[in-house]
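Q: One structure is given below, represented as structure tokens, and several questions about it will come after.
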Amino acid sequence: MNHKLQPPVRLQRICQAVGPALGAGLFFLAVCLCSATAAKRTAVVLILLVLCAAFLFWDRLRNRLTPPVLALGLVVLMGELSCLYAVSGKYALNELLKLVSAFCLALLLLAFTGERKPERQAASVLGGCCAIAGLVSIDLIATRWISGPVLALLGWLIPGYAELEAVEEGARILSLFGAPNPFAGLMGIGVLLSLGLAATAEGPAARRVHLSCLSVSSLAFVLAFSMGACAMILPAFLVLLALTGKKRRIGLFLLMAETLLVTLLCAFPVSITSMIAWTEPRPIPLLCTVVGAAALCALDLLAGQRLAGKLAGHGKAVLGVCAALLAALVIFLFAACTLTTGVTLHAGESLHRSAYPAPGAYTLAAEGDGDPAVVIESQNREDTMMHTSTGLYQGPLSQAAFTVPEDSLVVWFTFSTEAEIRLESVNYSGEIGSGDVPLGYKLLPGFIANRLQGLRANQNAIQRLVFFEDGLKLFWRSPVIGLGLGSFENGARGVQSFAYATKYVHNHYIQALADTGIVGLLLFLGLLAVSALTVWWGRERPLAPALGAALVFMAGHGAVEVDFSYYAFLPIAFGTFAVIGLTCGNAVPRPGWMGKEAVKNGLPLAICALLAVFGVLLGRNMAAANLAAQGADLPELERAAEMDPFEWADYALSYVIRAGQTEADGETRQKADEYAARLGRLSSNSVPIYLAEYYLQTDRTGPAFEMAERYVSYIASDAAAWQRAFTLLERYERDTPEYRAGVAHIAGLLDAWNGENMGEIVLDGQSQAFIDRMCP
């Protein structure tokens, strides 16, 4: 009997093996194309693909519209509706493009995944996509044999990928996407999905593939070293273990321990050799990535699986092994943070370290073969918020004496040298007490040690609390439905107590409150709750534990980061919600009406309508941009403003500016005044200053000062805004009581802001002289 596979069967198996890999590559490319520079074109293409997929795979798609996917659709719908009342249509559109593109990719994942174990195929696509992103990002600090062609392809398709900063020197990789914290969130999902896929793989070949993806994603996760992601992945691991059945739990636990060991061993050489700006090919990071994947596969085969097999059915032995591994991990972490050593400082190199001496006077002493320079600085709570510091000493280490202020949270020591020296130890001493300044760490990679400095007074964590407070201030302006997508980017400078630059709250729950109010937050919480219940009802399914862990990780990391506002994270997160539905959706109890044909057909029709409506609006936006690009004549600007539902204000403002700069006829002036009145009602961080100039050009002082006041009040923490306002007022200076009173009022607003807030805004000499002249 001939047991040789027939061609159709062989071809089917090849497709089953290659399909997820090809899907992962295409999904990765689509994620990259969702960046801001190509977001509109990508969204249009994805919407068209979804509509085509709905036509080709109608039955498959409608059967896979599970509660998590429907809840996700409601979140996207709320985002689309918020654009109708958003304070800034431009910012709202930028955010909505990310949501719609990610939602389309999740729907395409549902539509194009085959019928045989679709949940594993879809999860493999997401895990593979994460591994590809991790590999490319690691290679950016290595040889660029892989990332170079990828960047060339992306640079040919869209601008923005030609030049990337690969690493934050001495701290972490920045990734292909340029943002290490959301990248770590993306890699965390990849780690958890790959763990689940590997632990439940049907054969050794599939297990090795998923183990390789796990190794790459884990190394990229560690090299990105987001402290928030590291903190949030720990409860995710606990959920993963808790949901995993007893038979698989010990094997999964051992696999997690093996992965941690291999990842740390691979991270050390990368830390020593490659956490500096890329100037030439370095093979070590790429070599560590390949060797790490091979080592994990070998360790799993030769030790992990055998030990798990021997421990199966031996409950006490399993508990003993788990306890021993956990104890070893705790001991290692304690030793890693406490066992220090000396360091060698090379010429031109600096070392940034922290300590927490009590307030008082101290001197500094060192053991070594040189006398480096040292800068000593202190930070109190306000300093940590504003990323400022108070200098305590600067000069040779051998002469260092400093006094720690009463309100100090942390003291920083920055050592530098012009010639190579060896520092064995540095300590401070005074009447209050003494202590050591940690230099090198024996068991920690250098980049992790650098990132952990000042952990007890972490300025990023403290500043996030400021972001949270300011986000809540915006929320209270419209608590029910919010201010529309992009509200924080638009309005944050009006509620800040000092100037800082960020587009997002760094907490998606507060971001949702500011953008879409209580309604939007409830929809997002509903998405998480529905997904959690779906996992719980289907917890016996093989992939359910990993999906539950990924859900916990996303929900936790979203509370401290911008993950759900980041273009590269959203497709993976939305894809994970889709996979939750594929895996566990059939286990969810549903009311009878959901099984009716009208409902089953109506839901995909509603989703297609939602996407089609946005596609039409986006098409009008792009058509308006093309129209305005052909010429800046007033009729074209007027047509563009009437055509574009999102960025009409740009064209209307351009019309007003052009009309103010020319001798406009009566009809043009009337239209410009209509646009100016409409624009004046917007909550904008840029439009009012242009309107102020328009009114000054047309000799209307009252409206001009009204717009100037609106401008500086709306972005009050921005020193450049105040400077721009007074420069404009000086340009159109008039020696009238009304004008003097207007300048005095704006100057009084500046004095009031400086008196009430932590930041201080200082104008240049010319503007201050103008104020003194107008307000004697």
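Laboratory data are not the source of any read-out in this text; all were calculated from the coordinates shown. Only a predicted model underlies this, so the values are computations on that prediction, with no experimental measurement involved. Because the Cβ atoms are built from the backbone with ideal geometry, glycine has one as well, and the counts that use them run over all protein chains shown.
Q: By average Cβ neighbour count within 10 Å, what is the ranking of 41-51, 382-392, 485-495 from highest down? Intermediate results must be reported in sequence, preceding the final value.
A: Numbers: 41-51: 19.8, 382-392: 16.7, 485-495: 24.4.
Averaged packing, sorted descending, gives the order 485-495, 41-51, 382-392.
Q: Separate question: In terms of Cα to Cα distance under 24 Å, which lysines are near enough to residue 90, apart from those fewer than 8 places away along the same chain?
A: Result set, ordered by chain and number: 40, 98, 473, 503, 671.
Q: Take peptides 449-455, 69-75 and line them up by average Cβ neighbours within 10 Å, highest first, as a rough protection proxy.
A: Values: 449-455: 18.7, 69-75: 21.1.
Result, highest mean first: 69-75, 449-455.
Q: Could you estimate the translational diffusion coefficient of region 188-249 from the Stokes-Einstein equation, with Rh from the Kirkwood formula over C-alpha pairs, at 10 °C and 1.306 mPa s, in whole µm²/s? Don't jump to the answer; show the numbers that get you there.
A: Values: Rh = 12.3 Å.
It comes out at roughly 129 µm²/s.
Q: Could you pull out every one of the aspartates and glutamates with an alpha carbon less than 20 Å from that of residue 596, ignoring same-chain neighbours closer than 8 positions?
A: Straight-distance partners of residue 596: 59.
Q: What trypsin sites (Lys or Arg not before Pro) in region 711-776 are in a loop by DSSP, with at most 15 other Cβ atoms within 10 Å of the Cβ?
A: Details: sites: 724, 731, 734, 740, 773; in loops: 734.
Counting only loop positions with at most 15 other Cβ atoms within 10 Å, the trypsin sites (Lys or Arg not before Pro) in region 711-776 are 734.
Q: Given a Förster distance of 30 angstrom, what is the FRET efficiency for residue 678 paired with residue 382, based on the Cβ-Cβ distance and rounded to 0.05? Mind dumping the intermediate values first?
A: On the way: r = 41 Å, r/R0 = 1.37.
E between residue 678 and residue 382, to the nearest 0.05, is 0.15.
Q: Could you estimate the translational diffusion coefficient of region 84-195 from the Stokes-Einstein equation, with Rh from the Kirkwood formula over C-alpha pairs, at 37 °C and 0.692 mPa s, in whole µm²/s?
A: Numbers: Rh = 16.2 Å.
Roughly 203 µm²/s, to the nearest whole number.
Q: Residue 26 to residue 590: FRET efficiency via 1/(1 + (r/R0)^6), r the Cβ-Cβ distance, R0 35 Å, to the nearest 0.05? Don't jump to the answer; show the numbers that get you there.
A: On the way: r = 32 Å, r/R0 = 0.92.
For residue 26 and residue 590, the calculated efficiency is 0.60.
Q: What percent does the relative contact order of region 361-459 come to when contacts are Cα pairs within less than 8 Å and at least six residues apart?
A: On the way: 179 pairs, mean separation 34.1, N = 99.
Here the relative contact order equals 34 percent.
Q: If each residue of separation counts as 0.36 nm, what is the full-extension length gain between residue 418 and residue 394 once their alpha-carbon separation is subtracted?
A: Numbers: separation 24, 0.36 × 24 = 8.64 nm, distance 1.53 nm.
That works out to 7.1 nm of additional length.
Q: Considering just Cα atoms, how many Å³ per residue does the convex hull of region 27-118 enclose? All intermediate terms of the calculation are to be shown ahead of the outcome.
A: Values: hull volume 8.9 nm³, N = 92.
For region 27-118, the hull spanned by Cα atoms encloses 96 Å³ per residue.
Q: If you average 1/r over all unlike Cα pairs in region 200-300 and invert the result, what Kirkwood radius do you get in angstrom? Kindly include the intermediate steps, with their values, before the conclusion.
A: Details: mean 1/r = 0.0677 Å⁻¹.
That comes to 14.8 Å for region 200-300.
Q: Could you tell me how many cubic angstrom of Cα convex hull volume region 394-538 has per residue?
A: Details: hull volume 31.3 nm³, N = 145.
Looking at region 394-538, the number lands at 216 Å³ per residue.
Q: Give the share of C-alpha pairs in each 5 angstrom bin for region 123-163, from 0 to the last occupied bin, in whole percents, shortest bins first.
A: With 5 Å bins starting at 0, P(r) equals 6, 25, 24, 24, 16, 6, 0.
Q: On a straight-distance basis, which lysines could pair with residue 247 in a cross-link, Cα separation under 30 angstrom, same-chain partners fewer than 8 positions away excluded?
A: Those lysines meeting the cut-off are 117, 310, 316.
Q: For q values of 0.14, 0.27 Å⁻¹, compute log₁₀ I(q)/I(0) with the Debye formula on a Cα-only model of region 644-726, without solvent.
A: So the normalised log intensities are -0.44, -1.35.
Q: Would you kindly calculate the mean projected area, averaged across all directions, of the convex hull enclosing the Cα atoms of region 677-773, in square nanometres?
A: Values: hull surface 23.2 nm².
Here the figure is 5.8 nm², rounded to one decimal.
Q: While we're on this one: What are the extents of the Cα atoms of region 246-383 along their three principal axes, in Å, largest first?
A: Extents along the principal axes: 62, 43, 34 Å.
Q: Would you please state the base-10 log of I(q)/I(0) at q = 0.20 1/Å for region 479-576, with intensities from the Debye formula using one equal scatterer on every alpha carbon?
A: Cα-only, vacuum Debye calculation for region 479-576: -1.01.
Q: Also: Run through region 645-722 and list the trypsin sites (Lys or Arg not before Pro) located in a DSSP loop whose Cβ has at most 11 other Cβ atoms within 10 Å. Provide the component values of the computation, followed by the final result.
A: Working: sites: 658, 669, 671, 678, 681, 700, 710; in loops: 681, 700.
Passing sites in region 645-722 are 681.
Q: In region 164-239, what trypsin sites (Lys or Arg not before Pro) fall in a loop by DSSP, with at most 14 other Cβ atoms inside 10 Å?
A: On the way: sites: 172, 207, 208; in loops: none.
Sparse-neighbourhood loop trypsin sites (Lys or Arg not before Pro): none present.
Q: For the chain, what class follows from the C-alpha gyration tensor (a ≥ b ≥ c being the square roots of its eigenvalues): rounded when a/c is under 1.5, otherwise prolate if a/b is larger than b/c, else oblate?
A: Working: a/c = 2.14, a/b = 1.16, b/c = 1.84.
Here the chain falls in the oblate category.
Q: Also, quick follow-up: Calculate the FRET efficiency for residue 731 and residue 757 from the Cβ-Cβ distance with a Förster distance of 25 Å, rounded to the nearest 0.05. Walk me through the intermediate numbers first.
A: Working: r = 28 Å, r/R0 = 1.11.
The calculated FRET efficiency here is 0.35.
Q: Let me ask you something else. Over region 546-656, how many percent of alpha carbon pairs lie in each 10 Å bin up to the one with the longest distance?
A: Bin by bin from 0 Å, the calculated values are 12, 23, 23, 23, 14, 5, 0.
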